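J.: Sending over a structure as structure tokens; questions will come in a sec.
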Amino acid sequence: MAQCSLDLSHPAFQRVISAFKDDPGFSEGLQELKRKVEAEHTSCNRVVQPMPKYPDCQNKIWKYDWSPAGARSAHRKSWRIVVIVAEPTVQPYRLIAVAVYAKNQTAQLSTRELARIFAAATKPTGECSPEVPERFHHVKQGDGDTRSLCMDCGETVAVSFQLPDIEDGQNKHLCDGNQLDFSNAGT
């Protein structure tokens, strides 16, 4: 019996990866990750995200590092996938992919953002969330600049040291409709 299954069909995840549908290396790398994780769930630099301020999420958010096929890196893999494990005490584990991001654009999602993703991905279909999600996520960079990422489409909208420049970029940003919607998870 398999240790786990990695479900890549969640609607929110499919919307995120739709931008890469024409990149065979991306798809191949994702399938290779799926194969490795299903064979051994502790592979691929697995991290069980500590969530001390969010006890409902504790041990239920796992992250794996991976790369598109053919991508080479001197250190760790260049992409991160976030999976939800709704029942971490039940085996075989059922992993549900809900987010993916390039680590060169976002080093780490905050625990607050991960908790928001978890809540949206695990709520029953049709249930309304009282919290309005943040539209932009700010990531401090090593050089002192702040990168603003659109949480709807994943694009970088501004990189600056000055808050007014970041706000200007956010105000001018038009999404392409490829939204990162985590609100439709009934499974």
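Rule-based calculations on the coordinates, nothing more; no lab input. Only a predicted model underlies this, so the values are computations on that prediction, with no experimental measurement involved. Virtual Cβ from ideal backbone geometry, glycine too; neighbours counted across all protein chains shown.
J.: Residue by residue through segment 41-56, which ³J(HN,Hα) values in whole Hz follow from phi under the Karplus form 6.51 cos²θ - 1.76 cosθ + 1.60 (θ = phi - 60°), with glycine and proline marked x?
T.: Calculated HN-Hα couplings, in order: 5, 8, 7, 6, 6, 5, 10, 8, 5, x, 10, x, 8, 10, x, 5 Hz.
J.: Skipping prolines and chain starts, which residues have an amide H placed within reach, meaning under 5 Å, of the one on residue 41, given they are 5 or more residues away or on another chain?
T.: none
J.: What FRET efficiency do you get for residue 102 and residue 28 if R0 is 25 Å and r is their Cβ-Cβ distance, rounded to the nearest 0.05? Could the numbers behind the result be given before it?
T.: Values: r = 17 Å, r/R0 = 0.66.
Efficiency at R0 = 25 Å is approximately 0.90.
J.: For a footprinting-style exposure proxy, rank 157, 98 by other Cβ within 10 Å, fewest first.
T.: Details: 157 20, 98 25.
Ordered by Cβ neighbours within 10 Å, fewest first: 157, 98.
J.: What FRET efficiency, computed as 1/(1 + (r/R0)^6) with R0 = 25 Å and r the Cβ-Cβ distance, is obtained for residue 111 and residue 138, rounded to the nearest 0.05?
T.: On the way: r = 15 Å, r/R0 = 0.60.
With R0 = 25 Å, the Cβ-Cβ based efficiency is 0.95.
J.: Could I have the simple spin-label model distance between residue 45 and residue 19, label points 7 Å from Cα toward Cβ, reported in nm to one decimal?
T.: 2.0 nm
J.: From Cα pairs below 8 angstrom and at least 6 apart in sequence, can you work out the relative contact order of segment 4-132, rounded to a whole percent?
T.: Working: 185 pairs, mean separation 33.6, N = 129.
Reported as a whole number, the value is 26 percent.
J.: So how strong a dipole does segment 4-132 carry about its Cα centre when Lys and Arg Cβ are +1 and Asp and Glu Cβ are -1, to the nearest 20 debye?
T.: Working: 18 positive and 13 negative charges, 69 e Å.
Using Cβ point charges on Lys, Arg, Asp and Glu, segment 4-132 gives about 340 debye.
J.: Testing the spin-label approximation: label points 7 Å from Cα along Cα→Cβ at residue 59 and residue 155. State their distance in nm.
T.: So the two model labels end up 4.2 nm from each other.
J.: Under a straight-distance cross-link criterion of Cα-Cα below 25 Å, which lysines are reachable from residue 77, leaving out those fewer than 8 residues away in the same chain?
T.: Straight-line reach from residue 77, under 25 Å: 21, 34, 36, 60, 63, 103, 140.
J.: Same structure, new question: How high is the FRET efficiency from residue 36 to residue 145, r the C-beta distance, R0 30 Å, rounded to 0.05? Show your work: numbers first, answer last.
T.: Working: r = 35 Å, r/R0 = 1.17.
Calculated transfer efficiency: 0.30.
J.: Would you order 20, 13 from fewest to most other beta-carbon atoms within 10 Å of each residue's own beta-carbon? Show your work: numbers first, answer last.
T.: Numbers: 20 15, 13 24.
So the ranking, lowest neighbour count to highest, is 20, 13.
J.: Any chance you could list the semi-axes, whole Å, largest first, of the equivalent ellipsoid that the Cα gyration tensor gives for segment 4-132, using √(5λ)?
T.: Details: eigenvalues 110, 55, 46 Å².
Equivalent-ellipsoid dimensions as semi-axes: 23, 17, 15 Å.
J.: Taking amide H positions as placed 1.01 Å from N in the peptide plane, with prolines and chain starts having none, which residues 5 or more places from residue 173, or on another chain, fall under 5 Å of its amide H?
T.: Hits under the 5 Å cutoff: none.
J.: Could you line up 111, 89 from fewest to most neighbouring Cβ atoms inside 10 Å?
T.: Details: 111 16, 89 7.
Final ranking by Cβ density, sparse to dense: 89, 111.
J.: Are there trypsin sites (Lys or Arg not before Pro) in segment 1-63 that DSSP puts in a loop and that have at most 15 other Cβ atoms within 10 Å, and which ones? Display every interim value, and only then the final one.
T.: On the way: sites: 15, 21, 34, 35, 36, 46, 53, 60, 63; in loops: 21, 46, 53, 60.
Those that pass, being in a loop and sparsely packed, are 21, 46, 53.
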